[in-house]
Structures are given as structure tokens and as C-alpha cells.
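Working notes, structure below.
The values are calculated or read from the model by the stated rules, or taken from the named source; none is laboratory data. All figures in this text were calculated on a predicted structure; none of them were measured in a lab. Using ideal geometry, Cβ is built from the backbone for each residue, glycine included, and neighbour counts are taken over all protein chains shown. Each accessible area value is taken on the protein alone, full model and side chains, heavy atoms only, with ligands, DNA and RNA left out. Shrake-Rupley method; radii C 1.70, N 1.55, O 1.52, S 1.80 Å.
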Amino acid sequence: MSPVQEKSVSMIVVAAGKGARAGGRIPKQYQTIAGKTILRHTLDALIRSYPFTEIVCVINPEDNHLYEKSVEGLSLSPAVKGGNTRQESSFNGLKALTAKCDLVMIHDAARPFVSDNLIKELIDSKASATIPGISVTDTVKRADPQMNIIETVNREGLYSVQTPQAFDYHMLLKAHQSLTTASFTDDSMIMETIGEGVTIIEGDEANFKVTHPEDFKKAEMTIMNRLADIRTGHGYDVHRFEEGSSVILCGVEIPHTHRLKGHSDADVALHALTDAIFSSIAAGDIGCHFPPTDPQWQGAASSIFLEKACEMVKDKGGIISNIVVTLICERPKISLHQEAMRMKLSEITGLCKERISVQATTTEKLGFTGRNEGIAAEALATVRLPL
């Protein structure tokens, strides 16, 4: 008996809207929750759930810089220009698919909590059009523009529809081609209009759409509840001074009478922080990953080491929620550069500046730091991982 061939499935993520109801200076799909944009949370969830033949994002070209930053490191097809309506955007995505597929799924960019089980149920459906829905349990009223009640609607058989929605690719494309002048709020309406049956399966309450400002708090709480394995890592490093004219601390170059000696750029602060992150996930220390005997790290920027540590946390499905760096030295004067250091650490780690602390202290002229022989640094990193 020959094995059952898996369906080839492509995904279209509609991310062209402005999301005005959500507030904020930028479209909601590019706003950040727990260190990642909503769009990135959505894409990461989709990529984990199924080996899609192709993923195409439909975007507003004006937001291309925000999009590129959100999808950095992901292997996606080129983004497609959105239309004036949701229907036009979906159609543009369908026309842009280059891989042959049996099934196409269309998903809202602002639904970051789609589950593996929901994706599987949609793909396993035998229907040519399948959508997830939640049955309406509240009493439903219809009102006029002045908010006066007109009638109470019978809620029997009513569903609140979600995405992703799954369709026979050729059937949906043909439906779009035949209804280019109409305007629909989702793709299932197109199939209904041409007389094709649409099947509803049970949706997921967790698969809510981020629409209003209060939804951001709900989304962040959802993520934090899933990342309930909270760990703290510690790092410590020391570098001595040698002849030079500047030091690099937290990625910021500071004029000084000496420089720090080391195999790389000798950024003692980033070395301590990198070790703190590695220790939080029990991944050894900086020397394990970047041995000082390896010539490729000669003079290297220590930001490379920190980026690797952050990447390893992400690979485990976790986030860095807080970092603290304490510099111990008599000179240079750290307070003049603390804000620049926090901004640089935010740039490297992707963590908002409000979750980054850079502190400084002296040893009251005691010990090697008190004698101006070098600089020491301590760092703490709080990391949240899935249970």
C-alpha cells in the first residue's frame, strides 16, 4: 500500500492594514510585544506549526522598512503589495504564489496565537473551504447609528469567524478572478458568493485578533504566561589596561588614556553580559563558543558574541526580559555614557531600553580597579522560557 501523500500547503499572511483602532505611531502588526513585533510572533507560530510550501506576506510598501526588520532571518517569499481592500490584498497574495500547492491558507497578521492543532485540523479537513469559528454565546443586539436597539438577533447558529482560513487553491483563485469588483471582508465570503460550500470547524479562544489597545495587554499576558520558566544568569569579567587612547564598553567607544587588552575588542561589559545570558540557559560560557585561541575572533566586535547568546535564547522559544550591567572602575567616568550604552544594548539585544540598566561603581581605590590597572564588569540577565 503506497503511503498517503501530504498536501502541499502555502500560506498568505495579510499585513497591509494600518490598524488605526489599535492606536500607536505605527501599524499594529509592527508594534512590539515581549520583544518581538506582532507580525514576527505570528510568522514564528506559523513556521513552527507546519512546513509550508511557501509563505507570502502582503504589506503596504510604505511600511517596507518595518516589515524587513520584522522578518529578518526568516526564509520567506518576497513581500507583495497590498490593495485598497482586504479582498484585493488576498488576491494579490494568491497571484504572487510561485510554488504549486493543493491548499492555500490565508491568515491575519494580527493573530499571533494560532495553534499547531488548529493548523492541523484545517489541513486535514476534506472540504474545499474550511474556516475556524467560535459559536456566539452572548445575546446579540442590532442597533442604529445612534446606538438605539433595533432588534435582538437570534444567536442560534451564529459564529465569530477567525483565521487562518483554508481553501482549495485553484477554486479560491478562480473565485477571486470572477469577483474583482466586489468587496468582501474575508475569503470565505467569496466562496459563499460563487455558491461553494464552506465548512466551519471549532476555533480557538486563544486565537484572538489584536485590534484594540487593551488587546496588547492581553497578548503580552498570554505570552508571559506561556514563558513561565523564569531563569537568572550571572556573568563576570575583567580586562587589564594597556597603551591606547580609548576603551569600548557596552559597544560604545569612550576616549581614555588607555585601552583594554584582549583577544577581541575587549569589551568587558559585553563579555560579562554574554556570559550572563549563556549561564541563564546553561550553555557554558563565552570561551566555549568563542575561544580566545581562535584567530577569527582577533579584534572582533564583542556585539557578535552577545548577538549569538540572544539568538540561542530565541532558538529555545524564549525571551530576555531584563538585563543589568555593572561596571567597576575608577576611570573613565561611566555616568557620562550610560544612556548611550543603554541605547546600544537595546540595539544589539532588541530589548526595550526600559528593561536595560547600566550601573557603575568604584572600589574606593582598593584593589586592581582602584589602582587603575583595569576594569571589571558584572552582569545579570533574566530570561523567560517555555515550560
- Message: Just to check your reading of the model, which residue among Arg342, Arg331, Arg355, Arg371 is under 22 Å from His256 (Cα atoms), within 25 Å of the chain's Cα centre (by Cα) and charged (D, E, K, R)?
- Response: Arg342
- Filter the range 301-331 for residues that are in contact with a Pro (Cβ under 9 Å, 6 or more places away or on another chain) and surrounded by fewer than 19 Cβ atoms within 10 Å (Cβ to Cβ); which is nearest to Arg48 (Cα to Cα)? Gly317
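Among the residues of the range 180-193, which ones are in contact (Cβ under 8 Å) with a residue 24 or more places away in the chain and open to solvent by 30 Å² or more (accessible area, probe 1.4 Å)?
Thr180, Ala182, Ser183, Thr185
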- Task: Taking the residues in the range 139-179 that are hydroxyl-bearing (Ser, Thr, Tyr) and closer than 30 Å to Lys100 by Cβ as candidates, determine which candidate is surrounded by the most Cβ atoms within 10 Å (Cβ to Cβ).
- Result: Thr163
- Message: Give me the residue from the range 270-300 that is assigned to a loop (DSSP other than H, G, I, E, B) and either within 14 Å of Ala381 (Cα to Cα) or among the hydroxyl-bearing types (Ser, Thr, Tyr) (or both) and, out of that set, modelled with the lowest pLDDT.
- Response: Thr293
- Answer residue from the range 349-363, given it is over 17 Å from His234 (Cα atoms) and at pLDDT 95 or above and is least open to solvent (accessible area, probe 1.4 Å) among those: Thr363
- Task: Kindly indicate whether any position in the range 370-383 is at pLDDT 95 or above and farther than 27 Å from Phe241 by Cβ.
- Result: yes
- Message: Looking only at residues that are open to solvent by 30 Å² or more (accessible area, probe 1.4 Å) and touching a residue at least 60 places away in the same chain (Cβ under 8 Å) in the range 225-235, which one is farthest from Leu39 (Cα to Cα)?
- Response: His234
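Taking the stated definitions as given, is Val13 within 18 Å of Thr211 (Cβ to Cβ), outside any helix (DSSP H, G or I) and open to solvent by less than 10 Å² (accessible area, probe 1.4 Å)? Talk me through it step by step, then tell me what you get.
Details: within 18 Å of Thr211 (Cβ to Cβ): yes; outside any helix (DSSP H, G or I): yes; open to solvent by less than 10 Å² (accessible area, probe 1.4 Å): yes.
For Val13, the condition - within 18 Å of Thr211 (Cβ to Cβ), outside any helix (DSSP H, G or I) and open to solvent by less than 10 Å² (accessible area, probe 1.4 Å) - is met.
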- If you check Asp275, Asp265, which single one turns out to be within 22 Å of Gly35 (Cα to Cα), surrounded by 16 or more Cβ atoms within 10 Å (Cβ to Cβ) and acidic (Asp, Glu)? Asp275
